[in-house]
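Take a look at the structure set out below.
The values are calculated or read from the model by the stated rules, or taken from the named source; none is laboratory data. These numbers were taken from a predicted model, which means no experiment stands behind them. When we count neighbours, we look across all protein chains shown, and the Cβ atoms used for this are built from the backbone with ideal geometry, even at glycine.
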Amino acid sequence: MGVSLILNRKAGTGQRGRYLDLISDTLKEQLTIYETASKGDATSIAKRILNSRDRYIMVAGGDGTLNETIQPLVGSYKIVVPVPIGTGSDFCKAIGISSVEDSLRALENGSVRHIDTVMARWKAGKRFFLNILEVGFGASVMKRVNSSRRTENVFIKSVFRELIHLKTYGLRYRTSESDEEAKVVEVIAANGKFFGGGLLASPKSSLDDGLMDIHIIRKVGMIKFVSNFKKLRDGSYIAEPYVINLKVDQISLFGDAPVEMDGENIGDLPLHLKVVPRSLLVAFPE
């Protein structure tokens, strides 16, 4: 069994050094290591690995590194094995991986499943995402996170700092069944369940149902938003009357608001999202 490892040493808080020795000692001569140096490297490396005999691709980094890696792998026979060393590593939580040991178990005796990806198209281009895309407040939070020094509580700190500048965005959203307008604080388009380092953004999401869950948080005051923040931790916020919940295979979003995808800021609306069912092979631990 040949295994390629795409490694982002800059991921996380810089305190995860033991993972590489553990992976190397376990896999030994089966392992080929590729290291990223700058943005976009993981995509370029994954394209090269497509032509290799290695069936498994371990991705040691955060959600952003994982997102870069899967771009050329969608629709291929390569099997992705995420390694949770990023600041958030929220996709790993959705598939039951919370440690490097879990990743190795997924590789050696786990199950391989076809999962959905979502194709996003916007003015600047197109790309797939695995986990969650946000419009509005969450994108502003990620911009702050991505420009900050990575500490253990960087997500929570960034949320409360961004609350001081809480904005409302005029939004139009169109699906195959409706065309509506709303004043919103945030839109969450979810394939996975978690974001922000473990907050339960979309408790009913499934990775292989051919649908994404859309949660539209309509205009709400800062005090109410803050008082209900604990409901974002357990996902119960979706039952609030100011939240619109949809389950769709595609949606178009129009307006003037920032967008982030799998932890990386990509630009602004407009945006079209479409599920690509069961298009990526991923190893899950038993």
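Quick notes on this structure:
- Test for Glu177: is it crowded, with 17+ Cβ neighbours inside 10 Å and among the charged types (D, E, K, R): no
- Failed condition for Lys126, given (1) more than 25 Å from Ile85 (Cβ to Cβ); (2) touching a strand residue (DSSP E or B) at 6+ places or on another chain (Cβ under 8 Å); (3) of a type in the set (D, E, K, R); (4) not in a strand (DSSP E or B): (4)
- A count restricted to region 140-199 and to residues that are among the acidic types (Asp, Glu) and out of contact with any strand residue (DSSP E or B) (no Cβ under 9 Å at 6 or more places or on another chain) stands at 2.
- Answer from Asn265, Asn245 - the residue that is of a type outside the set (D, E, K, R), part of a strand (DSSP E or B) and without any contact (Cβ under 8 Å) to a residue 60 or more places away in the chain: Asn245
- Pairs linking a residue in region 45-70 that is closer than 16 Å to Asp90 by Cα and assigned to a strand (DSSP E or B) to a residue that is of a type in the set (Phe, Trp, Tyr) and at pLDDT below 95, with Cβ atoms under 7 Å and 6 or more positions apart or on different chains, are Ala60/Tyr19.
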